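Beneath this line is the structure, given in structure tokens, with notes to follow.
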Amino acid sequence: MTIPDESDGPTLARRIRARLPSVVWLTVVWVLLWGTFTPASVVGGVLVALLVTALFRLPLSRERLPIRPVRLFGLIGYLAYDLVVSGAEVSWQALRYGSGARAAIIAVPLLSTSDRVVTVMANALALTPGSMALQIDPDHNVWYVYSLGPRDHEGVQRARRRTLDMQRRVLTALGTPAELAEAERLMAAVPVGRAS
């Protein structure tokens with residue numbers, strides 16, 4: 001009897017465990033796309049998810065995210081709150097200024113080197129009405145953000161601070177302690193400006 005050599009690669013159980021979140025997520029997307037929650041749609045979703053993950057294997061990430069569940073729920077709550085507040089601000093801009101509404105493209109320091117965390121940051125920003133990540137430049141640790149509403153330098157600083165705050169909130173849920181410390185340092189360096 002031979003003992004399997006674990007140095008050859010991950011075991012089958014580890015590979016299945018590593019791909020399980022993808023299968024679950026793809027199944028949920030499948031069921032949502034069909035619009036019906038029936039046993040047939042769930043089984044079909046699982047089968048399609050297994051086929052997709054078998055045919056299009058993504059490399060397993062060696063990076064481990066330090067997930068903090070309480071902070072993650074706090075981030076989700078903040079995103080829901082920000083969605084409402086930002087939606088009201090965009091509505092006000094459209095009603096008050098109409099086609100004269102102004103926007104800015106702002107360079108904001110990128111506070112993480114993790115591809116996963118940067119993706120979460122960009123998606124969190126995209127959920128905020130009136131803002132969007134236009135370009136992410138990891139070589140220079142900067143991203144360019146579109147922001148609706150800034151009409152002066154103080155407005156630009158508020159938008160920059162808001163983007164840094166969004167990054168800080170993502171980092172408190174998913175970032176390393178060093179990234180979080182850098183976010184706090186940059187937040188302290190950006191002027192607050194007047195309240196809008």
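What follows draws every value from the coordinates through simple rules; no lab data is involved. Nothing here was measured: the structure is a model prediction, and the numbers come from that model. Counting neighbours? That spans all protein chains shown, and the Cβs are built from the backbone with ideal geometry, glycine included.
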Candidates A133, A94, A54, ranked by Gaussian network fluctuation over the chain, Cα under 10 Å, top entry: A54
Of (i) 2, 8, 16, 20, 18, 13, 9, 7, 4, 2, 1, 0; (ii) 1, 7, 12, 14, 15, 13, 12, 9, 7, 5, 2, 1, 1, 0, 0, 0; (iii) 1, 7, 16, 21, 23, 17, 10, 4, 1, 0, 0, the label for P(r) over Cα pairs in 5 Å bins from 0, in percent derived from the coordinates: (ii)
The chain: angle of helix 39-55 to the longest principal axis, Cα-based, in degrees nearest 10: 90 degrees
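Report the FRET efficiency, 1/(1 + (r/R0)^6), for F37 and A94, where r is their Cβ-Cβ distance and R0 is 30 Å, rounded to 0.05. Kindly include the intermediate steps, with their values, before the conclusion.
Details: r = 37 Å, r/R0 = 1.22.
Efficiency computed from Cβ-Cβ geometry: 0.25.
Where in the chain lies the longest segment free of chymotrypsin sites (Phe, Trp or Tyr not before Pro) that are both loop residues by DSSP (not H, G, I, E, B) and have at most 16 other Cβ atoms within 10 Å? Walk me through the intermediate numbers first.
Numbers: sites that count: F37, F56.
Here the longest run is 57-196.
With an 8 Å cut-off on Cα pairs and a minimum separation of 6 or more residues, tell me the relative contact order of the chain in percent. Can you show the working numbers first?
On the way: 204 pairs, mean separation 39.6, N = 196.
After rounding, I find 20 percent.
Let's see if you can work this out: charge +1 on each Lys and Arg Cβ, -1 on each Asp and Glu Cβ, no other charges. What is the dipole magnitude of the range 69-189 about its Cα centre, in debye to the nearest 20?
Values: 12 positive and 11 negative charges, 65 e Å.
Once rounded to the nearest 20, the dipole reads 320 debye.
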For the chain, calculated [θ]222 nm from helices alone, where every DSSP H run of n ≥ 4 adds -39500 (n - 2.57): -20500 deg cm²/dmol
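Only sites in a loop by DSSP and with at most 15 other Cβ atoms within 10 Å count here; which trypsin sites (Lys or Arg not before Pro) in the range 29-104 make the cut? Before the final figure, lay out the partial values.
Numbers: sites: R57, R62, R64, R71, R96, R102; in loops: R57, R62, R64, R102.
Sites meeting the loop and neighbour criteria: R57, R62, R64, R102.
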